[in-house]
Every structure is written in C-alpha cells, then in structure tokens.
1. Please pick out the residue among Ala113, Ala67 that is among the aliphatic types (A, V, I, L, M), part of a strand (DSSP E or B) and surrounded by fewer than 15 Cβ atoms within 10 Å (Cβ to Cβ).
2. Which of the residues spanning segment 37-48 are hydrophobic (A, V, I, L, M, F, W, C) and buried (at least 19 other Cβ atoms within 10 Å of the Cβ)?
3. Going by the conditions given, is Ala75 without any contact (Cβ under 8 Å) to a residue 40 or more places away in the chain, buried (at least 18 other Cβ atoms within 10 Å of the Cβ) and more than 16 Å from Tyr108 (Cβ to Cβ)?
4. Please go through (1) over 20 Å from Trp105 (Cα atoms); (2) without any contact (Cβ under 8 Å) to a residue 40 or more places away in the chain; (3) over 12 Å from the mean Cα position of the chain (by Cα); (4) surrounded by 13 or more Cβ atoms within 10 Å (Cβ to Cβ) for Gly27 and return the number of the only condition it doesn't satisfy.
5. Given the conditions (1) closer than 20 Å to Glu85 by Cα; (2) among the aliphatic types (A, V, I, L, M); (3) not in a loop (DSSP other than H, G, I, E, B), report the number of the one that Ala23 does not fulfil.
Amino acid sequence: MDATAPQPSEIKLHQKSRLMEIAFSDGSRFELSYELLRVYSPSAEVRGHGPGQEVLQAGKREVEITALEPSGSYAVVPVFSDGHETGIYSWDYLYWLGRNRDSLWEKYIERLAQAGASREAVPAPGPAPFGQRPKSK
C-alpha cells in the first residue's frame, strides 16, 4: 500500500442502484457498480495466478453486495449475492478502479462479446415444464 495514496473518507452502498459510492481524502468521489466490482475482483478466482490466467466473469448484471467487511485498516471485502467473498479490495485498488472505471468497463464488454458471453445470468436448470415430464406408470 502506498502511504501517500488517498484514503477513503466515506463509503456508501446504494442497494437500489447497485452502486458503491466512495469518497477519498484528495476530494475524488467515484461510483462503482457492483457488477464492475465483481468482475474485476482482485481474487485469484477471477485474476488467476498470473498474466493470461484471468477468468471472464459473465452473468453478473444483477449481482448485489450483501455485506461489506473491513480487512484491517487498508481494505474491505465485499460479500456478493453470488457467493463470491474472497476479493480483498485495498484502498489503492478501489481508487484505481474509480480512476479507470470507463476504460475497464469497455474492456469488459469487449471481452464478453469476443467470448459470446452475456452480462445476464443464465437461469439454473429446474424441473421440466409439466407437459414435458415423464408420465408415471
């Protein structure tokens, strides 16, 4: 962590709009969508263990943050509604996400398109509609 880097002065979660609003000591203020935070999680599950090992996160449009836990005095750990809770978001990383939000979003949308993936969640397979179920004997 860079000791001269801006520190957060306020963090608000807006559940209806699914935005994290974060203000920093240098006067910067960013709104980061929960989806952006989820798809750019700093966890190994998302980033991999080296360049080229990133895992594209699709279907995260409706993801929510259900809790925000402190991690020491340098970071927070969001708990996402899809069960993801292993990303430690340092103040430096949140600041970087805020500064680069627009270009990161464009890159994410391009990667989804190249992979033929979607921001929409794929419904979990459920029981077949009643008319398509096997008949009992």
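No lab work stands behind these numbers, since they all come straight from the coordinates. Worth saying up front: this structure is predicted, and the values here are computed from it rather than measured. With ideal geometry, Cβ positions are generated from the backbone for all residues, glycine too; neighbour counts draw on all protein chains shown.
1. The conditions single out Ala67.
2. Selection gives Leu37, Val39.
3. yes
4. (4) is the only condition that Gly27 fails.
5. (1)
Yes or no, residue by residue, for (1) touching a Pro at 6+ places or on another chain (Cβ under 6 Å); (2) polar (S, T, N, Q):
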residue	(1), (2)
Ile22	yes, no
Leu36	no, no
Tyr40	no, no
Ser43	no, yes
Trp96	no, no
Tyr108	no, no
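Residue by residue, here is whether (1) assigned to a helix (DSSP H, G or I); (2) closer than 26 Å to Ala117 by Cα; (3) more than 11 Å from the chain's Cα centre (by Cα) holds:
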{"position": "Ser41", "(1), (2), (3)": "no, yes, no"}
{"position": "Gly52", "(1), (2), (3)": "no, yes, yes"}
{"position": "Val76", "(1), (2), (3)": "no, no, yes"}
{"position": "Val79", "(1), (2), (3)": "no, yes, no"}
{"position": "His84", "(1), (2), (3)": "no, yes, no"}
{"position": "Gly87", "(1), (2), (3)": "no, yes, no"}
{"position": "Asn100", "(1), (2), (3)": "yes, yes, yes"}
